[in-house]
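First comes the structure, then the notes that go with it.
Every number here is computed from the coordinates shown, using simple stated rules; none is lab data. Note that the coordinates shown come from a computational prediction; the quantities given were computed from them, not determined experimentally. Quick reminder, even Gly has a Cβ in these numbers, built from the backbone with ideal geometry, and neighbours come from all protein chains shown.
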Amino acid sequence: MFHVARVSDLLNQGFSKQQLAFQIALINQLTWVDLTLQKYIWTEDIMMEQFNYCPELIYVVLDMETLDVAASTTMLCTTLERAMSCSSWEDISGYRTLSTHDPDGDTIFGIDLTVAPQYQTLGLASKLISTAFLASVIGGHKRGALLGARVPAYQKHAPRRSIEQHVFGMKAGQKTCDPEIKLYMSEGFRPLRIIPNYMDDEESLNYGVLMMLDNPFLDTLSPEQSATIQALAEAFMS
């Protein structure tokens, strides 16, 4: 049995801050150590800093048999304007610390999503994302959720087309040429902006694509109604 929870709630319930930091850092390292550079991977010290800035936007999936962290997602609050002008993943994430978190921001930015290797076939990523979106985006009355997507297929196509053609289509109105961007679009995200040197990522030639999943209820729910949804999501999590 699995349970989605916010780190802020777990800390209020008496969970050890140090143990949570250790477990989230551990699954992050196990998942990404062979896939990316160390400067993008969580450490216990980095997690402790993240907890200081916005533990309410760090969600985990707990394996209720062992109380181990099976998956986690790290987000922060920013403004759409700030996100549209960010220069890199390190810039928007405060060099992993979430020091760029703006509690009054109008948009949620997804910094990381990690599922521990032994739990990767159980649908935990979808469970985590849907719960976090309901509670923090719809419940928080935000404009939507942002993320920086990779474009790993671009490396082999770069000699024949520009990054703009690869991401947005070869001609006006055509569909993206990138499988990863296409996958995000199938989940409702739309590409907003190409960011050169977003991350050190050879396959993507260091490009990232800022993508947004809009809050479909922003103009139909009042802040009070959104707060009610947030309360229901919080009750569901607890």
What ranking, highest mean first, results for peptides 87-99, 132-144, 154-166 when packing means the other Cβ atoms within 10 Å averaged over each residue?
132-144, 87-99, 154-166
Per-residue HN-Hα couplings for region 134-143, Karplus 6.51 cos²θ - 1.76 cosθ + 1.60 at θ = phi - 60°, whole Hz, x for Gly and Pro?
4, 6, 9, 9, 5, x, x, 6, 9, 5
Cα to Cα, under 28 Å, and not fewer than 8 places away if on the same chain: which lysines meet these conditions relative to LYS39?
LYS17, LYS127, LYS156, LYS182
Under the Karplus relation with 6.51, -1.76 and 1.60 and θ = phi - 60°, whole-Hz ³J(HN,Hα) for region 73-86, x at Gly and Pro, equal 9, 10, 9, 9, 9, 8, 9, 4, 4, 5, 5, 5, 9, 5
Of the candidate values (i) 1.01; (ii) 1.48; (iii) 1.59, the one computed for Cα Rg over 2.2 N^0.38 Å from this structure is (i)
Please compute the length gained on full extension between GLU202 and MET170, using 0.36 nm multiplied by the number of residues separating them and subtracting their Cα-Cα distance.
9.3 nm
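Just how large is the dipole of region 34-110 about the Cα centre, in debye to the nearest 20, putting +1 at every Lys and Arg Cβ and -1 at every Asp and Glu Cβ?
220 debye
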Under 20 Å from the Cα of LYS142, which aspartates and glutamates turn up, not counting those fewer than eight places away in the same chain?
GLU56, GLU81, ASP102, ASP104, ASP106, ASP112, GLU187, ASP214, ASP219, GLU224, GLU234
Could you let me know the centre-to-centre spacing of region 109-144 and region 187-238, using Cα atoms, in angstrom?
10 Å
Tell me the relative contact order for region 167-215 as a rounded percent, counting alpha carbon contacts under 8 Å between residues six or more apart.
28 percent
Under the Karplus relation 6.51 cos²θ - 1.76 cosθ + 1.60, θ = phi - 60°, what is the ordered set of whole-Hz ³J(HN,Hα) values for region 220-232, x standing for Gly and Pro?
10, 9, 6, x, 5, 5, 4, 5, 5, 4, 4, 5, 5
So what's the back-of-envelope 222 nm ellipticity for the chain, counting only DSSP H runs of four-plus at -39500 (n - 2.57) apiece and dividing by all residues, rounded to 500?
-9500 deg cm²/dmol
Label zone at ASP68 (point 7 Å along Cα-to-Cβ), backbone N below 18 Å, region 103-121:
114-121
